[in-house]
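Rule-based calculations on the coordinates, nothing more; no lab input. Being a predicted model, the structure only gives us computed values, none of them experimental. Quick reminder, even Gly has a Cβ in these numbers, built from the backbone with ideal geometry, and neighbours come from all protein chains shown.
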Amino acid sequence: MISRQQLNNFYHTLLNPDAYKDYGPNGLQIEGTDTIDKIAFAVSATRDSISRAIEQQAKALVVHHGLFWDFHGARTLTGPFANRVLPLVRNDINLFAYHLPLDGHPEVGNAAVLGRLIGCMQQEPFGDYKGCATGIKGTFDKPLSASQLRQILESVLNHPVILASPNENESIHSIGIITGGANREWKLAANEGLDAYITGEISEHDWHDSQEHGIHMFAGGHHATERFGIKELMRKTELHFEIKCSYIDSDNPV
């Protein structure tokens, strides 16, 4: 059993959330019980993940996508939003959320972990949101064709991958990765002379524009590309505190 403050301090030291100018608050978003004996982890704080955390009798839920965002503005505790917030409050569950800090972290970040899984080596910070890196860039020891990398990604992600490529048989030596909804950031890869770019989403014009600029762009799904950071954070939490943890993988094809 650990205290809420211990968990908060651990994440604050590891993820350095104060360094990011994010789209909403990072860290403790809803205060629950002072003591925690089980922690649930999920990509997003949805009605499904919250309900399952309650079923598992978790006293903390740690997510990548929290409940409070600047673009939502002030919200009343009614309807679907209340059905997320109130069950957490009524069951005394702490909600922790880490958005950009869990995207750009060089060890437990979504991009860093995904990069390691596909063989991306010599990783360096990549991306720039208000002065902070949001992903990684790196190289492959053995170059891969675009079609080969697509197959590897689909196996790692267990999700279909959209490939926008000037030539699927061309070799890829270098790549940039920013997971989730960073579809416009393929331009950063082009500006830095990288061969390819991996993210979660792709728009109609990105599909054309990226390949016309010579970039092999891979879109593997927002949710699918952002499971890795929260899982790695769970692993580090388990090792550090020797506390019972569980991962909730809510179904999301996007």
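Values computed for the structure shown
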{"quantity": "Residue of Thr33, Thr199, Thr225 that the Gaussian network model of the chain assigns the largest fluctuation, springs spanning Cα pairs under 10 Å", "calculated": "Thr33"}
{"quantity": "Percent of beta bridges antiparallel (DSSP, the chain, rounded to nearest 5)", "calculated": "50"}
{"quantity": "Segment 103-222: antiparallel DSSP beta bridges as a percent of all, rounded to 5", "calculated": "70"}
{"quantity": "Kirkwood-based shape ratio for segment 172-254, expressed as Rg/Rh from alpha carbons", "calculated": "1.12"}
{"quantity": "On Cα atoms only, tilt of 4-15 relative to the major axis of the chain in degrees", "calculated": "20"}
{"quantity": "Most mobile of Lys130, Lys187, Lys231 in a GNM of the chain (Cα contacts under 10 Å)", "calculated": "Lys130"}
{"quantity": "Globularity ratio of segment 103-222, using Cα Rg and 2.2 N^0.38 Å", "calculated": "0.92"}
{"quantity": "Degrees separating the helix 228-241 axis from the principal Cα axis of the chain, which is the longest one", "calculated": "50"}
{"quantity": "Packing-based exposure ordering (other Cβ within 10 Å, fewest first) of Val108, Val63", "calculated": "Val108, Val63"}
{"quantity": "Lysines whose Cα lies under 25 Å from that of Lys231, excluding same-chain neighbours fewer than 8 positions away", "calculated": "Lys21, Lys38, Lys59, Lys137, Lys244"}
{"quantity": "Whole-number D in µm² s⁻¹ for segment 2-98, Kirkwood Cα-pair radius fed into Stokes-Einstein, 25 °C, 0.890 mPa s", "calculated": "181"}
{"quantity": "Relative intensity, log₁₀ I(q)/I(0), of the chain from a Debye sum that treats every alpha carbon as a point, q = 0.10, 0.13 Å⁻¹", "calculated": "-0.49, -0.80"}
